[in-house]
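For reference, the structure discussed in these notes is given below.
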Amino acid sequence: MHPSRHRYDVLVVGGGIIGLVTAWRAAQRGLSTAVADPAPGGGAAHVAAGMLAAVTELQYGEQTLLELNLASARRYPSFVAELEDATGLGLGYRPCGTLAVALDSDDRADLRELHAFQTSLGLRSEWLSGRECRRLEPMLAPGVRGGLRVDGDHQVDPRRLAAAPLRARRVAGSPDHRSAPGIDGRAGVVLHRSSVARIETVRDHATGAVLDDGTVIAAEQTVLAAGSRSGGMPGVPEHALPPVRPVKGQILRLRVPPGHGPFLSRTVRAVVRGGHVYLVPRENGELVVGATSEELGWDTTVTAGGVYELLRDAHELVPGLTELPLVETSAGLRPGSPDNAPLLGRSALPGLLLATGHHRNGVLLTPVTGDVMAELLTTGSVPESARPFSPARFTLQEQPA
Ligand code: GLY
């Protein structure tokens, strides 16, 4: 039997939020587009908490990334409105702000430094005393020593976000394919629910991919958006593989029962014993507690130790949390890159573009990634603001002499 063959302008390898937003935007620009993924709408976003925390997750030395994070955060309201309009689904976007608190004097000193750094960059962040923090969030532990109120750091439900492009309405005229509900109403995107066996190359040029089910997909441009798996994609020559690795995160989902009364009104976070803990309260009662950060390769085991540490640290922050039902434990793999920033642009293999390496910021960077990749796919160049994130920054040719 001959393998089935297809041809598109664009093939996106990976149907997590980054791949789906790229495909959705490419199709909106009139490109015939396909996505290959055995379980589209899954990936790291299925595990993520959905914080849009450009300011509270700011790290020293990451000011360039901050600009991209802020640009994406600014796009969120209109991005969500557009996607909600296209699907009729709520995405759980909550412009609720974030409170980052300190539990002891060392944490307080660190948070004071972060505040000074944020202020020096012109970011909006207000220092509060422990009493002021508890007035804002009465469930906080009495020992809270102070905190930062950041009203611009919001949240979205990443599971709804990842499902949304798959549900965007179709209209007559979008491509019809037996394995493929369209994901964009006007242009349509074809879904191939299979893993990619290898990227195809002809004379050092990417020409599409072969899927595990034998399907051959030819594409003018192929986008590698396979999250942590991008770094080992078969068929991509060594020199063109993105330096992306899996960074494990364990996370918990609790539920605030209906009628319980207010628990938390905004995202609350802290550094406890050197590890980050955050609590993200959704309007539907879900309370997400995350997350570990572990360099353990492809391991996605939920461990007793991981759950214990998250609950221990979250309990120190909000003691009443231990009364809540624990409804889910999960672990996912962030696509980590050497500088914690994404790789957006051309790879060293002509015809292969990269949208990967978003590490801790995949949900936050979804809107801007869609726009950047659509621009690249249609015009051949990336917007000025995304140039620092060119994959070429990791190639030898780019190193200073
Ligand atoms: N941005 C939150 C995390 O990666 O855990």
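The values are calculated or read from the model by the stated rules, or taken from the named source; none is laboratory data. This structure is a prediction, so every number in the text was calculated from the model and none was measured. A quick note on method: Cβ atoms are made from the backbone with ideal geometry, for glycine too, and the neighbour counts reach across all protein chains shown. Each accessible area value is taken on the protein alone, full model and side chains, heavy atoms only, with ligands, DNA and RNA left out. Shrake-Rupley method; radii C 1.70, N 1.55, O 1.52, S 1.80 Å.
Note the angle between two axes, namely the Cα long axis of helix 158-167 and the longest principal axis of the Cα atoms of the chain, as a number of degrees from 0 to 90, rounded to the nearest 10.
That works out to roughly 30 degrees.
Can you work out the accessible area per residue across the range 1-80, with the rest of the protein chains kept in place, probe 1.4 Å, in square angstrom?
So the range 1-80 comes to 38 Å² accessible per residue, rounded to a whole number.
When the accessible area of the chain is computed with all protein chains present and a 1.4 Å probe, what percentage of it is carbon and sulfur?
In the chain, the share of accessible area belonging to carbon and sulfur is 51 percent.
Over all distinct alpha-carbon pairs, what is the Kirkwood Rh of the range 213-337 in angstrom?
Value: 16.8 Å, from the Cα pair sum.
For TRP127 and ARG387, FRET efficiency with R0 = 51 Å and r from the beta-carbon atoms, rounded to 0.05?
Given R0 = 51 Å and the Cβ-Cβ separation, E is 0.90.
Report the local net charge at GLY345: Lys and Arg +1, Asp and Glu -1, summed over other residues whose C-beta lies under 11 Å from its C-beta.
Residues near GLY345 contribute +2 overall.
Which order do the peptides 230-241, 360-371, 295-306, 338-349 take when ranked by the mean count of other beta-carbon atoms within 10 Å per residue, highest first?
Highest-to-lowest ranking by the protection proxy: 360-371, 338-349, 230-241, 295-306.
Can you pull the one-decimal nm distance between simple spin-label points at VAL302 and ALA197, each 7 Å off the Cα toward Cβ?
A separation of 3.5 nm, rounded to one decimal place.
I need the calculated FRET efficiency for the pair GLU113 and ASP151, taking r as the beta carbon distance and R₀ as 22 Å, to the nearest 0.05.
So the FRET efficiency works out to roughly 0.60.
Per 10 Å bin, what is the whole-percent P(r) computed from every C-alpha pair distance within the chain?
For the chain, the pair-distance distribution reads 5, 23, 31, 24, 12, 4, 0, 0.
Please compute the contact order of the chain in relative form: average sequence separation of alpha-carbon pairs under 8 Å and at least six residues apart, divided by the residue count, as a percent.
Computed value for the chain: 22 percent relative contact order.
At a Förster distance of 60 Å, what's the computed FRET efficiency of THR379 paired with VAL327, Cβ-Cβ distance as r, to 0.05?
0.85
How much of the DSSP bridge set in the chain is antiparallel, in percent, rounded to the nearest 5?
Within the chain, antiparallel bridges account for around 70 percent of the total.
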